[in-house]
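To start, the structure under review is shown below, and the notes come after it.
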Amino acid sequence: MIEQKEHFHGSDLEKIEKIYGIKKENIVSFAANVNPLGESGKLKTALSERIDAITKYPDREYTSLRKAIGSYCKCDYNHITVGNGCTELISLFIQITAPKKTLLLGPTYSEYERDLRINGSDISYYFLREKDDFKINSDEFISAITTDTDLVIICNPNNPTGTLLKKSQLIPILDCCLQNGIRVILDECFCDMTSEAQQASLLASCTAYPNVFFLKSLTKRFAIPGLRLGYGVCADVALIEKVRQTGQPWSVNTLAAAAGIAALQDTAYQQQFQTFLEQEQPAFYHALQAIPTLQVWKPAANFVFFRAACTDLQERLLHRHILIRHCENYVGLDATYYRTAIRSHAENQILLQALKACL
């Protein structure tokens, strides 16, 4: 057996091919939380019709794209900035605001910590507990905010746990931060996945919280991770303008901008995905629950977080050409925690059978 030196991400297929000798085309990846329906028909048509756009520079202001996003999320387009994925926007926001002390969830999306450390921020953690089903207690979280905290980051639904903060739980936290002049990154990249998560979004209240920078992704819902497209919303227009000016010009290419506009207008595709996910998510969740050696947490997005009775499950499944996400490298988790995306029904059945065989 090959000794595994690292835990693989959904973008590491070429690395896996080199180490395991499995052609990347033959790997079924449950490690990236992307819409399994693939790209929308309108998006494909838009790209084919706009292929000559690669000979031209994008609009520096991305006005058409920002207006399309504003129409989609019912926000003033002047409150919107776009980026080469949300990771770029995270980096720019942290670089600009230069927080001295940040409160993070443990575990949560790792890119926050990476950029905070690069920019010299001191980090404290509010650790989500298994006995609480990895859910935030709002009062405890507020108590963890100290007098020198100047940035709070919350991912909702949280990655990798899939747990969701409802508006009634989130609003007291945001009110506390607003009253104390604390900036907030509220990452709602997975809020577009299900009706439950959509109802928890506070994006419509962005003007009430000018201290909050909302993060949204087009990558996951519209299955365009290769195009890298995300956006940020904030009622602090000066901050939005600074993010635009600080970032590299033309960081979103012309095809990504065209794809974003087309995808946002494809309401039939969006409804198809939501209908699929709201049917497949509970079925897949209950099927995972039925495997005796797994402890599974109810998901609020298009992935499921679980714990297994072994520490090498990712490698066992790789030998069956299946990739899931090992969560040991998330702060606050050990080697028994995993995350799997929700893919097509047929692919989910393949994973379920492989899990039963491996365990």
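The values are calculated or read from the model by the stated rules, or taken from the named source; none is laboratory data. These figures come from a predicted structure and were not determined experimentally. For neighbour counting, all protein chains shown are included, and Cβ atoms are generated from backbone atoms with ideal geometry for every residue, glycine included. These area figures cover heavy atoms from the full protein model, side chains too; ligands, DNA and RNA do not enter into them. Shrake-Rupley method; radii C 1.70, N 1.55, O 1.52, S 1.80 Å.
Of all residues in region 81-105, those satisfying the criterion of being within 20 Å of L65 (Cα to Cα) and open to solvent by 10 Å² or more (accessible area, probe 1.4 Å) are V82, N84, C86, T87, E88, L92.
Here A283 qualifies as open to solvent by 10 Å² or more (accessible area, probe 1.4 Å), closer than 23 Å to C358 by Cβ and outside any loop (DSSP other than H, G, I, E, B). Taking region 1-94 as the region of interest, none of the helices (runs of 4 or more DSSP H) fully inside it holds 2 or more residues being among the charged types (D, E, K, R) and within 19 Å of the chain's Cα centre (by Cα).
Within this structure, I54 passes the test of being open to solvent by 80 Å² or more (accessible area, probe 1.4 Å), more than 30 Å from R316 (Cβ to Cβ) and of a type in the set (A, V, I, L, M, F, W, C). Taken over region 237-271, the criterion of being assigned to a loop (DSSP other than H, G, I, E, B) and either under 22 Å from N78 (Cβ atoms) or in contact with an Asp or Glu (Cβ under 9 Å, 6 or more places away or on another chain) (or both) is satisfied by G247, Q248, P249, W250, S251, V252.
Just one residue in the set T81, T102, T149 is of a type outside the set (K, R), touching a helix residue (DSSP H, G or I) at 6+ places or on another chain (Cβ under 6 Å), at pLDDT 95 or above and more than 23 Å from K220 (Cβ to Cβ); that residue is T102.
Kindly evaluate Y330 against the criterion of being of a type in the set (F, W, Y), open to solvent by less than 20 Å² (accessible area, probe 1.4 Å), assigned to a strand (DSSP E or B) and more than 30 Å from S71 (Cα to Cα). For Y330, the condition - of a type in the set (F, W, Y), open to solvent by less than 20 Å² (accessible area, probe 1.4 Å), assigned to a strand (DSSP E or B) and more than 30 Å from S71 (Cα to Cα) - is not met. Would you mind telling me which numbered condition in (1) closer than 27 Å to H9 by Cα; (2) open to solvent by 10 Å² or more (accessible area, probe 1.4 Å) A68 fails? The failed condition is (1). The lone criterion from (1) in contact with a helix residue (DSSP H, G or I) (Cβ under 8 Å, 6 or more places away or on another chain); (2) outside any loop (DSSP other than H, G, I, E, B); (3) of a type outside the set (S, T, Y); (4) open to solvent by less than 50 Å² (accessible area, probe 1.4 Å) left unmet by R316 is number (4). Residues in region 180-191 that are in a loop (DSSP other than H, G, I, E, B) and open to solvent by 20 Å² or more (accessible area, probe 1.4 Å): N180, G181. You will find that of A346, A309, A354, A287, the residue that is more than 20 Å from E188 (Cβ to Cβ), of a type in the set (G, A, S), more than 23 Å from the chain's Cα centre (by Cα) and modelled with pLDDT under 95 is A309 and no other.
So in region 1-15, with the set limited to residues that are of a type in the set (A, V, I, L, M, F, W, C) and at pLDDT below 70, which one is least open to solvent (accessible area, probe 1.4 Å)?
For region 1-15, the residue satisfying everything is I2.
The set of residues in region 196-236 that are open to solvent by 20 Å² or more (accessible area, probe 1.4 Å) and assigned to a helix (DSSP H, G or I) comprises E196, Q198, Q199, A204, S205, T207, A208. Could you say whether any residue in region 161-169 is closer than 21 Å to T149 by Cβ and surrounded by fewer than 18 Cβ atoms within 10 Å (Cβ to Cβ)? Taking every residue of region 161-169 in turn, at least one turns out to be closer than 21 Å to T149 by Cβ and surrounded by fewer than 18 Cβ atoms within 10 Å (Cβ to Cβ). Against the test of being surrounded by 16 or more Cβ atoms within 10 Å (Cβ to Cβ), in a loop (DSSP other than H, G, I, E, B) and free of Cβ contacts under 8 Å to residues at least 60 places away in the same chain, the options A335, A301, A309 yield a single qualifying residue, A335. Taking each residue of region 225-245 that is under 12 Å from I96 (Cα atoms) and of a type in the set (V, I, T) and looking for partners that are open to solvent by less than 10 Å² (accessible area, probe 1.4 Å) and in a helix (DSSP H, G or I) with beta-carbon atoms closer than 9 Å, six or more apart or interchain, yields V243/L89; V243/F93.
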